[in-house]
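Engineer: Would you mind keeping the following structure in view while I ask a few things?
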Amino acid sequence: MSFDEDVDAGGPPTPVRKLREQIADADAILVVTPEYNGSIPGVLKNAIDWASRPRSEAALRGKTVAVAGASTGQYGAIWAIQDLRRVLGIAGARVIEGEVSVARAHELVDGAGTLSSEAVRIRLHDLLTSLGATRILRRQDIDLGKRPLEAAQWGGAVDNVGGDILTWLTRTTDNWGNIASIGLAASHKLETTVMPFILRGVSLLGINSSAMPREVRVGIWKRLATDLKPRHLDKVVTHTIRFDDLPKAFDDYVKNRIMGRTVVQIS
């Protein structure tokens, strides 16, 4: 829906209300834009317009924002970022110094959807740390190690991969840490020793929802919708697809094109 202050005065539409709540709940925001006709796309401008009102209590007012952009040409991303900065600033956001502008982006991504430019990767890293990230660990940079115990790194972990990653987590979780095992995307195998459990007190927690009685499930669902509701659920659930579209979605996950969780509409 295009921005309409008259409509907003009568009560914002549900998608607008949700957008404003998500922005307000965020500690900081990273806005990444493609270049469209030398500027930002109209749909992005429209979303910013909605988030800029009501002026005195706008979700973007005083919000820390970082920006990045990409284009297939040499200068389009720079133009888009310039306009994005101006629009966000007028909307009341605090746009931080530094940005990531990616020219000829189609030449910097390989067939698997992986960013191949080390220079761009470093710039993205710097931008994320400026937003508050203390450590960014890429999957291909993980040293799985071979010793029964490696240097402790984590206070706890949630793993849906299994296999080598889960084994590595048992060796690198700190004293009294809990690891929740919720999936086997990589492997059903777990090859570890008892040392993390008897020397560090690490607990490996198995999650089995299929055997849970319905009344317990309903109680948990109600709490997840109220006092236990994740603050950043919108960042976790990034896609919604129909059940019939499932077969076409798998390839994007295999080739690392999708981040986050996908909700499947059964009916």
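The values are calculated or read from the model by the stated rules, or taken from the named source; none is laboratory data. Bear in mind that the values here come from a model prediction, so they are computed numbers and not experimental data. Glycine also receives a Cβ, built like all others from the backbone with ideal geometry; neighbour counts cover every protein chain displayed.
Engineer: Is it the case that the range 19-30 has a residue that's surrounded by 19 or more Cβ atoms within 10 Å (Cβ to Cβ), among the small types (G, A, S) and farther than 23 Å from D126 by Cα?
Structural biologist: no
Engineer: I need every pair where a residue in the range 86-99 that is part of a helix (DSSP H, G or I) has its Cβ under 9 Å from the Cβ of a residue that is among the acidic types (D, E) and modelled with pLDDT of 85 or more, sequence separation at least 6 or different chains.
Structural biologist: Hits for this filter: V87/D49.
Engineer: Mind listing whichever residues of the range 121-155 are outside any loop (DSSP other than H, G, I, E, B) and either touching a residue at least 24 places away in the same chain (Cβ under 8 Å) or over 30 Å from S209 (Cα atoms) (or both)?
Structural biologist: Selection gives R121, I122, R123, L124, H125, D126, L127, L128, T129, S130, Q140, D141.
Engineer: Filter the range 225-267 down to the residues that are among the aliphatic types (A, V, I, L, M) and in contact with a Phe, Trp or Tyr (Cβ under 7 Å, 6 or more places away or on another chain), then identify the one that is modelled with the highest pLDDT. Step through it out loud before you land on a result.
Structural biologist: As a first pass, look at the range 225-267 and keep what is among the aliphatic types (A, V, I, L, M): 225, 228, 233, 236-237, 241, 246, 249, 254, 258-259, 263-264, 266.
Next, only the ones that are in contact with a Phe, Trp or Tyr (Cβ under 7 Å, 6 or more places away or on another chain) stay: 264, 266.
Details: V264: 88, I266: 84.
Here the residue is V264.
Engineer: Looking at (1) farther than 26 Å from R261 by Cα; (2) surrounded by 13 or more Cβ atoms within 10 Å (Cβ to Cβ); (3) out of contact with any Lys or Arg (no Cβ under 7 Å at 6 or more places or on another chain), which is the only condition A151 fails?
Structural biologist: Unmet condition: (2).
Engineer: Sticking with this one: Between residues in the range 248-267 that are at negative phi and residues that are charged (D, E, K, R) and at pLDDT below 75, which pairs lie under 8 Å by C-beta distance while being six or more apart or on different chains?
Structural biologist: Every condition considered, the pairs that remain are I258/D252.
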